[in-house]
1. If the requirement is being surrounded by fewer than 19 Cβ atoms within 10 Å (Cβ to Cβ) and closer than 23 Å to Asn117 by Cα, which of these qualifies: His76, His41?
2. Could you go through segment 83-91 and let me know if any residue there is surrounded by fewer than 21 Cβ atoms within 10 Å (Cβ to Cβ) and touching a Ser or Thr at 6+ places or on another chain (Cβ under 7 Å).
3. For segment 1-27, what are the residues that are assigned to a loop (DSSP other than H, G, I, E, B) and of a type outside the set (A, V, I, L, M, F, W, C)?
4. Going through Tyr32, Tyr15 one at a time, which residue ends up being buried (at least 20 other Cβ atoms within 10 Å of the Cβ) and of a type in the set (Ser, Thr, Tyr)?
5. Can you go through Ala192, Ala197 and tell me which one is crowded, with 21+ Cβ neighbours inside 10 Å and in contact with a Pro (Cβ under 9 Å, 6 or more places away or on another chain)?
6. Would you list the helices (runs of 4 or more DSSP H) that sit entirely within segment 28-135 and hold 2 or more residues that are free of Cβ contacts under 8 Å to residues at least 60 places away in the same chain, touching a helix residue (DSSP H, G or I) at 6+ places or on another chain (Cβ under 8 Å) and closer than 24 Å to Pro8 by Cβ?
Amino acid sequence: MSRYKIAPSILAADYANFEKELKRLEETGVDYVHIDVMDGHFVPNISFGADVVASMRPHSKLVFDCHLMVSNPENHIDTFARAGADILTIHAEATVHIHGALQKIKAAGMKAGVVINPGTPLATIEHVLNLADQVLIMTVNPGFGGQAYIPEMADKIANLVALREAKGLSFDIEVDGGIDDQTIYSAKAAGANVFVAGSYLFKGDLQARVDSLKAALHD
């Protein structure tokens, strides 16, 4: 299995100071910046788009892990490739062409991720797992930060691990929603290896809280 990675969600950072926040994140030794893109249609909230990603790109060497919570994400793939996304993760529920969209992401030179909401069964993505570099299991219902981790998602993560082994694949398993120094144990034990955390990290001492997640992962 791939090594553990921490992916702070910039959604919880200071929007007026993204350059400073990116530098702070680099100093903590995290692996990714998780960038939540919301359109007000697929989810009720609106965040920011590719232009903001492009404006952040010159200020960080971290991996930009872009999570599109948007309807018809296939329409935005090339735009995010040009903006500097390294990983583009799209919802199976947001497009009727998930297979083709994942192919398009890879053709655009990015790593392809597929994500499913808490109520969506793994069977929905079983036949596109061979195209995925990363599978994101939402551990809250998407659209807003600061929600509580849904513990039942641990079973879904474990079932995804079994499916990955049965198919002989090697994609990363990412979790997003309610991750802190306690809930990370459940997700880790189930088999996740990429951990998105937002409110927990940015609403306290950033370095101390990153360190607490690293400690939990190596406990």
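Bear in mind that the values in this text are calculations on the coordinates, not laboratory data. Computed from a prediction, not measured in an experiment: that's the story for all the values here. No Cβ is skipped: glycine too gets one built from the backbone with ideal geometry, and neighbour counts run over all protein chains shown.
1. His41
2. no
3. Scanning segment 1-27 gives Ser2, Arg3, Tyr4, Asp14.
4. From the options Tyr32, Tyr15, the qualifying one is Tyr32.
5. Going through Ala192, Ala197 in turn, the sole match is Ala197.
6. Fully inside segment 28-135 and qualifying: 50-56, 77-83.
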